[in-house]
Amino acid sequence: MANQKEDTICAIATPAGNGAIAVIRLNGPEALLIAEKIFSGSTRGKKIKQLPGNTIHHGYIKDNGRVIDEVLLALFRSPRSYTGEDMVEISCHGSLYIQQSILQLLIRNGARMARPGEFTQRAFLNGKMDLSQAEAVADLIASSSEAAHRVAINQIRGGFSEEIGNLRKHLLKFISLIELELDFSEENVEFADRQALRKLLLGIQRQISMLIQSFGTGNVLKDGIPVVIAGLPNAGKSTLLNVFLNEERAIVSEMPGTTRDTVEDQIHIEGYLFRFIDTAGLRHTEDKIEMIGIRKTYEKLKHASIVLLITDAAEPADEMINQVQALGLDNKQKIVLLLNKMDKTDAPAVMQKARAAAGQLGIEVIGISAKQGIHIDQVKRALVNSVQQEIQSETGIVVTNARHYDALQRAYAASERALTGIGSGLPGDLLAQDIREIMHYLGEITGEITTDEILGNIFANFCIGK
Ligand SMILES: Nc1nc2c(ncn2[C@@H]2O[C@H](COP(=O)(O)OP(=O)(O)OP(=O)(O)O)[C@@H](O)[C@H]2O)c(=O)[nH]1
Ligand SMILES: [Mg+2]
(Lines give C-alpha, C1' and ligand atoms only; values in the text may rest on other atoms or scores of the structure.)
(Ligands and ions follow the chains in the order given, each with its own letter.)
Protein backbone atom coordinates (compact mmCIF):
# COMPACT_ATOMS: atom_id res chain seq x y z
CA MET A 1 0.00 0.00 0.00
CA ALA A 2 2.91 2.31 0.80
CA ASN A 3 4.19 2.72 -2.75
CA GLN A 4 0.66 3.15 -4.10
CA LYS A 5 0.46 6.28 -1.99
CA GLU A 6 3.24 7.70 -4.14
CA ASP A 7 0.96 7.59 -7.16
CA THR A 8 -0.86 10.67 -8.32
CA ILE A 9 -4.53 9.84 -8.65
CA CYS A 10 -7.45 11.43 -10.46
CA ALA A 11 -11.21 11.00 -10.64
CA ILE A 12 -14.42 12.80 -11.44
CA ALA A 13 -15.86 13.91 -8.10
CA THR A 14 -19.32 14.92 -9.29
CA PRO A 15 -22.14 12.51 -10.23
CA ALA A 16 -22.08 10.77 -13.58
CA GLY A 17 -23.97 12.60 -16.30
CA ASN A 18 -24.28 16.05 -17.76
CA GLY A 19 -24.44 18.87 -15.22
CA ALA A 20 -23.77 22.59 -15.48
CA ILE A 21 -20.30 21.96 -14.12
CA ALA A 22 -18.26 18.95 -13.08
CA VAL A 23 -15.29 18.70 -10.76
CA ILE A 24 -12.25 16.57 -11.46
CA ARG A 25 -9.83 15.84 -8.66
CA LEU A 26 -6.11 15.34 -9.06
CA ASN A 27 -4.10 14.41 -6.02
CA GLY A 28 -0.61 13.33 -5.07
CA PRO A 29 3.08 14.22 -5.37
CA GLU A 30 2.88 14.98 -9.12
CA ALA A 31 -0.47 16.80 -9.02
CA LEU A 32 0.95 20.28 -9.59
CA LEU A 33 3.36 19.08 -12.25
CA ILE A 34 0.65 17.30 -14.21
CA ALA A 35 -1.69 20.27 -13.90
CA GLU A 36 1.05 22.47 -15.28
CA LYS A 37 1.25 20.34 -18.43
CA ILE A 38 -2.41 20.64 -19.36
CA PHE A 39 -3.45 24.04 -18.01
CA SER A 40 -2.69 27.44 -19.44
CA GLY A 41 -4.17 30.51 -17.91
CA SER A 42 -3.88 33.57 -15.78
CA THR A 43 -1.12 32.57 -13.41
CA ARG A 44 0.80 35.85 -13.94
CA GLY A 45 3.69 34.10 -15.63
CA LYS A 46 4.23 31.76 -12.71
CA LYS A 47 4.35 28.02 -12.88
CA ILE A 48 1.62 26.22 -10.96
CA LYS A 49 4.30 24.82 -8.70
CA GLN A 50 5.17 28.39 -7.65
CA LEU A 51 1.61 29.41 -6.82
CA PRO A 52 0.39 29.54 -3.23
CA GLY A 53 -2.16 27.02 -1.96
CA ASN A 54 -5.85 27.76 -1.42
CA THR A 55 -6.07 29.80 -4.63
CA ILE A 56 -8.26 29.58 -7.71
CA HIS A 57 -7.11 30.26 -11.26
CA HIS A 58 -8.99 30.80 -14.47
CA GLY A 59 -7.70 29.30 -17.69
CA TYR A 60 -7.93 26.62 -20.37
CA ILE A 61 -7.30 22.91 -20.48
CA LYS A 62 -5.39 22.16 -23.66
CA ASP A 63 -4.48 18.93 -25.36
CA ASN A 64 -1.54 19.58 -27.70
CA GLY A 65 -2.69 23.14 -28.24
CA ARG A 66 -6.33 22.17 -28.81
CA VAL A 67 -8.62 23.83 -26.27
CA ILE A 68 -10.80 21.30 -24.47
CA ASP A 69 -12.53 23.61 -22.02
CA GLU A 70 -12.41 26.87 -20.12
CA VAL A 71 -12.06 25.98 -16.46
CA LEU A 72 -11.35 27.08 -12.92
CA LEU A 73 -8.47 25.38 -11.23
CA ALA A 74 -8.43 25.26 -7.43
CA LEU A 75 -5.04 24.65 -5.92
CA PHE A 76 -4.34 23.12 -2.50
CA ARG A 77 -0.87 22.48 -1.18
CA SER A 78 0.21 19.77 1.22
CA PRO A 79 -0.60 19.57 4.09
CA ARG A 80 -3.50 22.01 3.77
CA SER A 81 -5.82 19.97 1.60
CA TYR A 82 -8.57 17.39 2.09
CA THR A 83 -6.11 14.54 1.68
CA GLY A 84 -3.10 16.30 3.20
CA GLU A 85 -1.29 15.99 -0.16
CA ASP A 86 -0.90 18.38 -3.09
CA MET A 87 -4.27 18.57 -4.73
CA VAL A 88 -5.91 20.24 -7.71
CA GLU A 89 -9.62 20.46 -8.41
CA ILE A 90 -10.61 21.35 -11.94
CA SER A 91 -14.12 22.74 -12.36
CA CYS A 92 -15.03 22.24 -15.99
CA HIS A 93 -18.26 22.36 -17.95
CA GLY A 94 -20.43 19.35 -17.23
CA SER A 95 -20.36 17.65 -20.63
CA LEU A 96 -19.50 13.98 -20.38
CA TYR A 97 -17.19 14.39 -23.35
CA ILE A 98 -15.23 17.17 -21.65
CA GLN A 99 -15.01 15.27 -18.36
CA GLN A 100 -13.70 12.14 -20.07
CA SER A 101 -11.26 14.09 -22.24
CA ILE A 102 -9.73 15.85 -19.23
CA LEU A 103 -9.53 12.60 -17.29
CA GLN A 104 -7.76 10.86 -20.16
CA LEU A 105 -5.41 13.79 -20.53
CA LEU A 106 -4.48 13.54 -16.85
CA ILE A 107 -3.85 9.83 -17.18
CA ARG A 108 -1.72 10.30 -20.30
CA ASN A 109 0.35 12.77 -18.29
CA GLY A 110 1.10 10.38 -15.47
CA ALA A 111 -1.89 10.18 -13.13
CA ARG A 112 -3.86 7.01 -12.58
CA MET A 113 -7.56 6.49 -11.89
CA ALA A 114 -8.37 6.61 -8.19
CA ARG A 115 -9.90 3.58 -6.53
CA PRO A 116 -13.20 3.95 -4.63
CA GLY A 117 -12.73 6.09 -1.54
CA GLU A 118 -9.03 6.58 -2.22
CA PHE A 119 -9.06 10.35 -1.57
CA THR A 120 -10.68 9.87 1.82
CA GLN A 121 -8.43 6.89 2.53
CA ARG A 122 -5.38 9.08 1.95
CA ALA A 123 -6.89 11.73 4.21
CA PHE A 124 -7.07 9.04 6.88
CA LEU A 125 -3.57 7.68 6.25
CA ASN A 126 -2.16 11.21 6.38
CA GLY A 127 -3.82 11.86 9.73
CA LYS A 128 -6.31 14.44 8.41
CA MET A 129 -9.15 12.50 10.03
CA ASP A 130 -9.58 9.32 11.98
CA LEU A 131 -11.39 6.28 10.68
CA SER A 132 -14.79 7.01 12.17
CA GLN A 133 -14.64 10.50 10.68
CA ALA A 134 -13.71 9.09 7.28
CA GLU A 135 -16.67 6.72 7.46
CA ALA A 136 -18.93 9.61 8.36
CA VAL A 137 -18.01 11.25 5.05
CA ALA A 138 -19.86 8.42 3.30
CA ASP A 139 -22.82 8.81 5.68
CA LEU A 140 -22.88 12.55 5.10
CA ILE A 141 -23.04 12.12 1.35
CA ALA A 142 -25.85 9.56 1.75
CA SER A 143 -27.81 11.52 4.35
CA SER A 144 -31.38 12.14 3.26
CA SER A 145 -32.86 13.83 6.33
CA GLU A 146 -31.83 16.55 8.74
CA ALA A 147 -31.45 14.02 11.55
CA ALA A 148 -29.20 11.69 9.57
CA HIS A 149 -27.23 14.70 8.43
CA ARG A 150 -26.79 15.92 12.01
CA VAL A 151 -25.45 12.54 13.14
CA ALA A 152 -22.95 12.41 10.26
CA ILE A 153 -21.78 15.99 10.74
CA ASN A 154 -21.25 15.37 14.46
CA GLN A 155 -19.17 12.34 13.69
CA ILE A 156 -17.06 14.19 11.14
CA ARG A 157 -16.44 16.94 13.63
CA GLY A 158 -15.04 14.33 15.96
CA GLY A 159 -17.51 14.08 18.87
CA PHE A 160 -17.56 10.32 18.71
CA SER A 161 -13.81 10.02 18.23
CA GLU A 162 -13.23 12.19 21.25
CA GLU A 163 -15.46 10.03 23.40
CA ILE A 164 -13.65 6.86 22.31
CA GLY A 165 -10.26 8.57 22.70
CA ASN A 166 -11.09 9.53 26.29
CA LEU A 167 -12.07 6.00 27.21
CA ARG A 168 -8.79 4.71 25.83
CA LYS A 169 -6.79 7.35 27.66
CA HIS A 170 -8.22 6.32 31.02
CA LEU A 171 -7.50 2.68 30.34
CA LEU A 172 -3.95 3.46 29.27
CA LYS A 173 -3.23 5.04 32.63
CA PHE A 174 -4.17 1.85 34.38
CA ILE A 175 -2.27 -0.33 32.00
CA SER A 176 0.91 1.57 32.73
CA LEU A 177 0.34 1.25 36.48
CA ILE A 178 -0.26 -2.47 36.19
CA GLU A 179 2.81 -2.88 34.04
CA LEU A 180 4.82 -1.00 36.62
CA GLU A 181 3.67 -3.59 39.15
CA LEU A 182 5.00 -6.32 36.89
CA ASP A 183 8.43 -4.65 36.88
CA PHE A 184 8.45 -4.74 40.64
CA SER A 185 6.91 -8.20 40.90
CA GLU A 186 9.50 -9.30 43.48
CA GLU A 187 8.32 -6.69 45.92
CA ASN A 188 4.66 -7.57 45.48
CA VAL A 189 3.36 -3.99 45.36
CA GLU A 190 0.06 -2.82 43.94
CA PHE A 191 0.30 0.52 42.12
CA ALA A 192 -3.01 0.17 40.38
CA ASP A 193 -5.70 0.42 43.02
CA ARG A 194 -8.07 -2.43 42.16
CA GLN A 195 -11.10 -0.64 43.59
CA ALA A 196 -10.41 2.45 41.51
CA LEU A 197 -9.87 0.29 38.46
CA ARG A 198 -13.16 -1.47 39.08
CA LYS A 199 -14.94 1.85 39.32
CA LEU A 200 -13.34 3.08 36.13
CA LEU A 201 -14.25 -0.11 34.29
CA LEU A 202 -17.84 0.12 35.43
CA GLY A 203 -18.02 3.70 34.19
CA ILE A 204 -16.49 2.74 30.85
CA GLN A 205 -18.82 -0.19 30.56
CA ARG A 206 -21.79 2.09 31.10
CA GLN A 207 -20.60 4.44 28.39
CA ILE A 208 -19.95 1.62 25.97
CA SER A 209 -23.36 0.18 26.62
CA MET A 210 -25.03 3.55 25.98
CA LEU A 211 -23.21 3.75 22.66
CA ILE A 212 -24.31 0.21 21.85
CA GLN A 213 -27.92 1.11 22.63
CA SER A 214 -27.74 4.20 20.48
CA PHE A 215 -27.09 1.99 17.46
CA GLY A 216 -30.79 1.20 17.23
CA THR A 217 -31.65 4.91 17.25
CA GLY A 218 -28.88 5.64 14.78
CA ASN A 219 -30.12 3.20 12.20
CA VAL A 220 -33.65 4.31 12.70
CA LEU A 221 -32.61 7.92 12.03
CA LYS A 222 -30.84 6.85 8.89
CA ASP A 223 -33.62 4.70 7.45
CA GLY A 224 -36.70 6.47 8.81
CA ILE A 225 -38.41 6.02 12.17
CA PRO A 226 -41.03 3.27 11.86
CA VAL A 227 -44.46 4.45 13.04
CA VAL A 228 -47.20 1.82 12.94
CA ILE A 229 -50.81 2.96 12.78
CA ALA A 230 -52.86 0.24 14.46
CA GLY A 231 -56.42 -0.19 15.72
CA LEU A 232 -59.77 -1.87 15.18
CA PRO A 233 -61.30 -2.03 11.71
CA ASN A 234 -62.89 1.25 10.68
CA ALA A 235 -61.16 3.31 13.39
CA GLY A 236 -59.73 5.62 10.70
CA LYS A 237 -56.17 4.30 10.25
CA SER A 238 -56.05 4.76 6.51
CA THR A 239 -57.67 8.17 6.79
CA LEU A 240 -54.89 9.17 9.19
CA LEU A 241 -52.16 7.89 6.87
CA ASN A 242 -53.64 9.89 4.01
CA VAL A 243 -53.78 13.03 6.13
CA PHE A 244 -50.10 12.67 7.03
CA LEU A 245 -49.09 12.12 3.43
CA ASN A 246 -51.48 14.69 2.09
CA GLU A 247 -52.66 12.32 -0.61
CA GLU A 248 -55.12 9.45 -1.11
CA ARG A 249 -52.47 6.81 -0.55
CA ALA A 250 -54.66 4.11 1.05
CA ILE A 251 -58.27 3.20 0.30
CA VAL A 252 -60.75 4.55 2.84
CA SER A 253 -64.28 3.19 3.14
CA GLU A 254 -66.96 2.67 5.74
CA MET A 255 -66.57 -1.09 5.32
CA PRO A 256 -64.64 -2.65 8.21
CA GLY A 257 -61.66 -4.62 6.90
CA THR A 258 -60.88 -2.32 3.97
CA THR A 259 -57.12 -2.44 4.46
CA ARG A 260 -55.82 -5.99 4.25
CA ASP A 261 -52.19 -5.44 3.41
CA THR A 262 -49.77 -3.00 5.01
CA VAL A 263 -49.27 0.32 3.23
CA GLU A 264 -46.05 2.26 3.85
CA ASP A 265 -44.79 5.70 3.00
CA GLN A 266 -42.30 8.23 4.33
CA ILE A 267 -42.52 11.87 5.31
CA HIS A 268 -40.22 14.38 6.94
CA ILE A 269 -41.41 16.12 10.07
CA GLU A 270 -39.13 18.78 11.55
CA GLY A 271 -36.08 17.22 9.94
CA TYR A 272 -36.79 13.65 11.00
CA LEU A 273 -37.69 11.00 8.49
CA PHE A 274 -40.71 8.92 9.59
CA ARG A 275 -41.87 5.74 7.92
CA PHE A 276 -45.63 5.42 8.39
CA ILE A 277 -47.17 1.98 8.18
CA ASP A 278 -50.94 1.63 7.82
CA THR A 279 -52.13 -1.83 8.80
CA ALA A 280 -55.09 -4.18 8.60
CA GLY A 281 -57.54 -3.60 11.45
CA LEU A 282 -57.16 -5.99 14.38
CA ARG A 283 -60.11 -8.34 14.83
CA HIS A 284 -61.05 -12.01 14.77
CA THR A 285 -61.83 -13.04 11.25
CA GLU A 286 -62.38 -16.16 9.18
CA ASP A 287 -61.28 -14.42 6.01
CA LYS A 288 -57.98 -16.01 4.96
CA ILE A 289 -56.52 -12.92 3.33
CA GLU A 290 -57.49 -10.66 6.18
CA MET A 291 -55.89 -13.14 8.58
CA ILE A 292 -52.60 -12.87 6.70
CA GLY A 293 -52.92 -9.08 6.89
CA ILE A 294 -53.47 -9.18 10.63
CA ARG A 295 -50.46 -11.44 11.11
CA LYS A 296 -48.47 -8.85 9.17
CA THR A 297 -49.77 -6.12 11.45
CA TYR A 298 -48.31 -7.91 14.48
CA GLU A 299 -45.05 -8.40 12.64
CA LYS A 300 -44.86 -4.65 11.93
CA LEU A 301 -45.80 -3.85 15.51
CA LYS A 302 -42.76 -5.76 16.72
CA HIS A 303 -40.43 -3.47 14.79
CA ALA A 304 -42.22 -0.19 15.42
CA SER A 305 -40.45 2.60 17.29
CA ILE A 306 -43.76 4.37 17.80
CA VAL A 307 -47.29 2.99 17.63
CA LEU A 308 -50.25 5.24 16.99
CA LEU A 309 -53.19 3.30 18.36
CA ILE A 310 -56.25 4.82 16.82
CA THR A 311 -59.69 4.29 18.36
CA ASP A 312 -63.17 5.56 17.77
CA ALA A 313 -63.72 8.19 20.45
CA ALA A 314 -67.20 6.80 21.04
CA GLU A 315 -65.76 3.58 22.48
CA PRO A 316 -65.66 3.10 26.25
CA ALA A 317 -62.31 4.07 27.77
CA ASP A 318 -61.61 0.66 29.32
CA GLU A 319 -61.94 -0.98 25.94
CA MET A 320 -59.31 1.36 24.61
CA ILE A 321 -57.02 0.27 27.40
CA ASN A 322 -57.69 -3.38 26.60
CA GLN A 323 -56.60 -2.64 23.07
CA VAL A 324 -53.37 -1.02 24.27
CA GLN A 325 -52.55 -4.10 26.29
CA ALA A 326 -53.45 -6.48 23.49
CA LEU A 327 -50.76 -4.93 21.29
CA GLY A 328 -48.11 -6.62 23.43
CA LEU A 329 -45.47 -3.91 22.99
CA ASP A 330 -42.24 -3.79 24.98
CA ASN A 331 -41.46 -0.84 27.19
CA LYS A 332 -39.00 0.70 24.74
CA GLN A 333 -41.74 1.22 22.18
CA LYS A 334 -43.62 4.45 22.49
CA ILE A 335 -47.38 4.38 22.18
CA VAL A 336 -49.78 7.26 21.63
CA LEU A 337 -53.52 6.74 21.98
CA LEU A 338 -55.50 8.65 19.36
CA LEU A 339 -59.19 9.23 19.93
CA ASN A 340 -60.52 9.65 16.43
CA LYS A 341 -63.79 11.01 15.07
CA MET A 342 -63.88 13.74 17.71
CA ASP A 343 -66.02 15.70 15.26
CA LYS A 344 -69.00 13.55 16.23
CA THR A 345 -68.55 13.09 19.97
CA ASP A 346 -68.81 15.11 23.13
CA ALA A 347 -65.11 15.84 23.09
CA PRO A 348 -64.29 17.13 26.61
CA ALA A 349 -66.10 14.36 28.47
CA VAL A 350 -64.61 11.60 26.32
CA MET A 351 -61.11 12.99 26.57
CA GLN A 352 -61.31 13.22 30.32
CA LYS A 353 -62.28 9.57 30.73
CA ALA A 354 -59.67 8.32 28.30
CA ARG A 355 -56.92 10.44 29.87
CA ALA A 356 -57.76 9.15 33.31
CA ALA A 357 -57.59 5.55 32.14
CA ALA A 358 -54.48 5.93 29.97
CA GLY A 359 -52.68 8.14 32.47
CA GLN A 360 -52.16 5.16 34.75
CA LEU A 361 -50.20 3.46 32.00
CA GLY A 362 -48.28 6.66 31.26
CA ILE A 363 -49.74 6.87 27.79
CA GLU A 364 -50.33 10.14 25.99
CA VAL A 365 -53.84 10.69 24.62
CA ILE A 366 -54.69 13.01 21.75
CA GLY A 367 -58.20 13.67 20.46
CA ILE A 368 -58.28 14.08 16.68
CA SER A 369 -60.44 14.04 13.64
CA ALA A 370 -58.48 12.34 10.90
CA LYS A 371 -61.17 13.12 8.40
CA GLN A 372 -61.20 16.84 9.11
CA GLY A 373 -57.48 17.09 9.84
CA ILE A 374 -58.01 18.35 13.38
CA HIS A 375 -55.11 18.15 15.89
CA ILE A 376 -52.84 16.37 13.44
CA ASP A 377 -50.19 18.94 14.40
CA GLN A 378 -50.37 17.64 17.98
CA VAL A 379 -49.73 14.11 16.76
CA LYS A 380 -46.72 15.33 14.78
CA ARG A 381 -45.43 17.12 17.88
CA ALA A 382 -45.73 13.90 19.89
CA LEU A 383 -43.78 11.98 17.24
CA VAL A 384 -40.95 14.51 17.18
CA ASN A 385 -40.81 14.70 20.99
CA SER A 386 -40.51 10.98 21.25
CA VAL A 387 -37.53 10.88 18.89
CA GLN A 388 -35.81 13.80 20.57
CA GLN A 389 -36.21 12.25 24.01
CA GLU A 390 -34.61 9.07 22.82
CA ILE A 391 -31.62 10.85 21.33
CA GLN A 392 -31.10 13.07 24.36
CA SER A 393 -31.12 10.16 26.76
CA GLU A 394 -28.13 8.72 24.96
CA THR A 395 -25.27 11.23 25.39
CA GLY A 396 -26.17 12.86 22.09
CA ILE A 397 -23.73 10.57 20.31
CA VAL A 398 -25.41 8.12 18.03
CA VAL A 399 -23.68 5.09 16.56
CA THR A 400 -24.85 4.38 13.03
CA ASN A 401 -22.12 2.16 11.74
CA ALA A 402 -22.32 -1.64 12.00
CA ARG A 403 -18.54 -1.94 12.24
CA HIS A 404 -18.46 0.39 15.22
CA TYR A 405 -21.33 -1.48 16.81
CA ASP A 406 -19.48 -4.74 16.45
CA ALA A 407 -16.27 -3.32 17.94
CA LEU A 408 -18.21 -1.81 20.85
CA GLN A 409 -19.76 -5.14 21.65
CA ARG A 410 -16.38 -6.81 21.72
CA ALA A 411 -15.02 -4.04 23.92
CA TYR A 412 -17.95 -4.56 26.26
CA ALA A 413 -17.30 -8.29 26.49
CA ALA A 414 -13.62 -7.62 27.26
CA SER A 415 -14.59 -5.16 30.00
CA GLU A 416 -16.85 -7.84 31.45
CA ARG A 417 -13.90 -10.23 31.59
CA ALA A 418 -11.68 -7.61 33.21
CA LEU A 419 -14.30 -6.95 35.88
CA THR A 420 -14.65 -10.63 36.64
CA GLY A 421 -10.86 -10.78 36.78
CA ILE A 422 -10.65 -8.04 39.38
CA GLY A 423 -13.35 -9.78 41.40
CA SER A 424 -11.37 -13.00 41.50
CA GLY A 425 -7.99 -11.37 42.14
CA LEU A 426 -6.57 -12.12 38.70
CA PRO A 427 -2.80 -11.51 38.47
CA GLY A 428 -1.72 -8.19 36.95
CA ASP A 429 -0.37 -9.57 33.69
CA LEU A 430 -3.64 -11.30 32.83
CA LEU A 431 -5.69 -8.30 33.87
CA ALA A 432 -3.54 -6.09 31.67
CA GLN A 433 -4.30 -8.39 28.78
CA ASP A 434 -8.05 -7.92 29.17
CA ILE A 435 -7.68 -4.16 29.42
CA ARG A 436 -5.47 -4.13 26.37
CA GLU A 437 -8.22 -5.96 24.56
CA ILE A 438 -10.80 -3.29 25.44
CA MET A 439 -8.38 -0.68 24.14
CA HIS A 440 -7.79 -2.69 21.01
CA TYR A 441 -11.47 -2.80 20.07
CA LEU A 442 -12.02 0.85 20.87
CA GLY A 443 -8.95 1.66 18.80
CA GLU A 444 -10.42 -0.21 15.85
CA ILE A 445 -13.24 2.30 15.73
CA THR A 446 -11.06 5.36 15.37
CA GLY A 447 -8.42 3.56 13.34
CA GLU A 448 -5.58 3.60 15.85
CA ILE A 449 -5.66 -0.14 15.31
CA THR A 450 -6.23 -1.14 11.70
CA THR A 451 -5.48 -3.85 9.27
CA ASP A 452 -5.36 -3.59 5.51
CA GLU A 453 -8.44 -5.78 5.47
CA ILE A 454 -10.46 -3.36 7.59
CA LEU A 455 -9.34 -0.41 5.49
CA GLY A 456 -10.02 -2.26 2.26
CA ASN A 457 -13.56 -3.07 3.35
CA ILE A 458 -14.38 0.43 4.44
CA PHE A 459 -13.11 2.36 1.47
CA ALA A 460 -14.31 -0.14 -1.12
CA ASN A 461 -17.83 0.94 -0.21
CA PHE A 462 -17.17 4.53 -1.20
CA CYS A 463 -17.72 5.81 -4.71
CA ILE A 464 -14.80 6.72 -6.90
CA GLY A 465 -13.93 10.40 -6.45
CA LYS A 466 -14.62 10.55 -2.72
N1 LIG B 1 -66.69 11.40 11.24
C2 LIG B 1 -65.50 10.92 11.02
N3 LIG B 1 -65.33 9.83 10.24
C4 LIG B 1 -64.10 9.36 10.04
C5 LIG B 1 -62.95 9.98 10.62
N6 LIG B 1 -61.85 9.28 10.26
C7 LIG B 1 -62.29 8.27 9.45
N8 LIG B 1 -63.61 8.32 9.32
C9 LIG B 1 -64.47 7.40 8.53
O10 LIG B 1 -64.37 6.11 9.07
C11 LIG B 1 -64.46 5.12 8.04
C12 LIG B 1 -63.28 4.18 8.10
O13 LIG B 1 -62.11 4.89 7.80
P14 LIG B 1 -60.76 4.17 7.34
O15 LIG B 1 -59.70 5.18 7.32
O16 LIG B 1 -61.00 3.36 6.13
O17 LIG B 1 -60.57 3.20 8.58
P18 LIG B 1 -59.48 2.06 8.79
O19 LIG B 1 -59.11 2.06 10.22
O20 LIG B 1 -58.40 2.20 7.82
O21 LIG B 1 -60.34 0.76 8.51
P22 LIG B 1 -59.85 -0.68 8.01
O23 LIG B 1 -58.87 -0.50 6.90
O24 LIG B 1 -61.09 -1.33 7.56
O25 LIG B 1 -59.26 -1.37 9.19
C26 LIG B 1 -64.54 5.89 6.74
O27 LIG B 1 -65.88 5.99 6.34
C28 LIG B 1 -63.99 7.27 7.11
O29 LIG B 1 -64.47 8.29 6.30
C30 LIG B 1 -63.16 11.13 11.44
O31 LIG B 1 -62.23 11.76 11.99
N32 LIG B 1 -64.44 11.54 11.61
MG1 LIG C 1 -57.67 1.02 6.38
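The values are calculated or read from the model by the stated rules, or taken from the named source; none is laboratory data. All values derive from a computational prediction rather than experimental measurement. Don't worry about glycine lacking a Cβ; one is built from the backbone with ideal geometry, like all the others, and counts go over all protein chains shown. Surface accessibility is based on the protein's heavy atoms, side chains included, excluding ligands, DNA and RNA. Shrake-Rupley method; radii C 1.70, N 1.55, O 1.52, S 1.80 Å.
Rundown of residues vs (1) at pLDDT 90 or above; (2) aromatic (Phe, Trp, Tyr), yes/no style:
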| residue | (1), (2) |
| --- | --- |
| Asp7 | yes, no |
| Asn18 | no, no |
| Ile21 | yes, no |
| Ile24 | yes, no |
| Leu32 | yes, no |
| Pro52 | yes, no |
| Ile56 | yes, no |
| Tyr60 | yes, yes |
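Could you tell me which residue of segment 40-69 is surrounded by the most Cβ atoms within 10 Å (Cβ to Cβ), considering only residues that are within 23 Å of Gln100 (Cβ to Cβ) and touching a helix residue (DSSP H, G or I) at 6+ places or on another chain (Cβ under 7 Å)?
It comes out as Ile61.
From the list Ser144, Ser176, which one is without any contact (Cβ under 8 Å) to a residue 24 or more places away in the chain and either within 21 Å of Leu408 (Cα to Cα) or among the polar types (S, T, N, Q) (or both)?
Being without any contact (Cβ under 8 Å) to a residue 24 or more places away in the chain and either within 21 Å of Leu408 (Cα to Cα) or among the polar types (S, T, N, Q) (or both) holds for just one of Ser144, Ser176, which is Ser176.
The rows are residues; the columns are (1) open to solvent by 30 Å² or more (accessible area, probe 1.4 Å); (2) of a type in the set (Gly, Ala, Ser); (3) modelled with pLDDT under 90; (4) more than 26 Å from Ile277 (Cβ to Cβ).
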position: Gln333; (1), (2), (3), (4): no, no, no, no
position: Leu337; (1), (2), (3), (4): no, no, no, no
position: Ile391; (1), (2), (3), (4): no, no, yes, no
position: Arg410; (1), (2), (3), (4): yes, no, no, yes
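Six or more apart or on different chains, Cβ under 8 Å: which pairs go from a residue in segment 337-350 that's part of a helix (DSSP H, G or I) to one that's within 13 Å of ligand 1 (Cβ to nearest atom) and open to solvent by 40 Å² or more (accessible area, probe 1.4 Å)? Could you list them?
From segment 337-350, the pairs are Met342/Ile374; Met342/His375; Asp343/Lys371; Asp343/Gln372; Asp343/Ile374; Lys344/Ala314; Val350/Ala314.
Please return the ranges of helices (runs of 4 or more DSSP H) entirely within segment 229-328 where 1 or more residues are within 22 Å of Val384 (Cβ to Cβ) and within 15 Å of ligand 1 (Cβ to nearest atom).
Of the helices (runs of 4 or more DSSP H) lying wholly inside segment 229-328, those with at least 1 residues that are within 22 Å of Val384 (Cβ to Cβ) and within 15 Å of ligand 1 (Cβ to nearest atom) span 237-245, 288-302.
Filter segment 275-308 down to the residues that are within 14 Å of ligand 2 (Cβ to nearest atom), touching a helix residue (DSSP H, G or I) at 6+ places or on another chain (Cβ under 9 Å) and within 20 Å of Val243 (Cβ to Cβ) and list them by number.
Those that are within 14 Å of ligand 2 (Cβ to nearest atom), touching a helix residue (DSSP H, G or I) at 6+ places or on another chain (Cβ under 9 Å) and within 20 Å of Val243 (Cβ to Cβ): Phe276, Ile277, Asp278, Thr279, Ala280, Gly281, Leu308.
Return yes or no: is Glu162 crowded, with 17+ Cβ neighbours inside 10 Å and either more than 22 Å from Ile267 (Cα to Cα) or in contact with a strand residue (DSSP E or B) (Cβ under 6 Å, 6 or more places away or on another chain) (or both)?
no
Within segment 206-251, work out how many residues are within 9 Å of ligand 2 (Cβ to nearest atom), β-branched (Val, Ile, Thr) and buried (at least 19 other Cβ atoms within 10 Å of the Cβ).
So the count comes out to 2.
For segment 104-121, enumerate the residues that are touching an Asp or Glu at 6+ places or on another chain (Cβ under 6 Å) and part of a helix (DSSP H, G or I).
Within segment 104-121, just Leu105 meets the criteria.
Just to be sure I understand, how many residues within segment 436-452 are assigned to a helix (DSSP H, G or I) and open to solvent by less than 50 Å² (accessible area, probe 1.4 Å)?
The qualifying residues number 8.
Hey, Thr83 hits all of (1) open to solvent by 30 Å² or more (accessible area, probe 1.4 Å); (2) touching a residue at least 12 places away in the same chain (Cβ under 8 Å); (3) among the polar types (S, T, N, Q) but one; which does it fall short on?
Every listed condition holds for Thr83 apart from (1).
Given the conditions (1) away from ligand 2 (no atom under 16 Å from the Cβ); (2) within 30 Å of Gly373 (Cβ to Cβ); (3) part of a helix (DSSP H, G or I), and given that Ala196 satisfies all but one, which numbered condition is not satisfied?
Of everything listed in (1) away from ligand 2 (no atom under 16 Å from the Cβ); (2) within 30 Å of Gly373 (Cβ to Cβ); (3) part of a helix (DSSP H, G or I), Ala196 misses just condition (2).
In segment 420-435, which residues are assigned to a helix (DSSP H, G or I) and more than 13 Å from Gln195 (Cα to Cα)?
Answer for segment 420-435, where residues must be assigned to a helix (DSSP H, G or I) and more than 13 Å from Gln195 (Cα to Cα): Gly428, Asp429, Leu430, Leu431, Ala432, Gln433, Asp434, Ile435.
Which of the residues spanning segment 252-274 are away from ligand 2 (no atom under 14 Å from the Cβ) and free of Cβ contacts under 8 Å to residues at least 24 places away in the same chain?
Within segment 252-274, just Ile267 meets the criteria.
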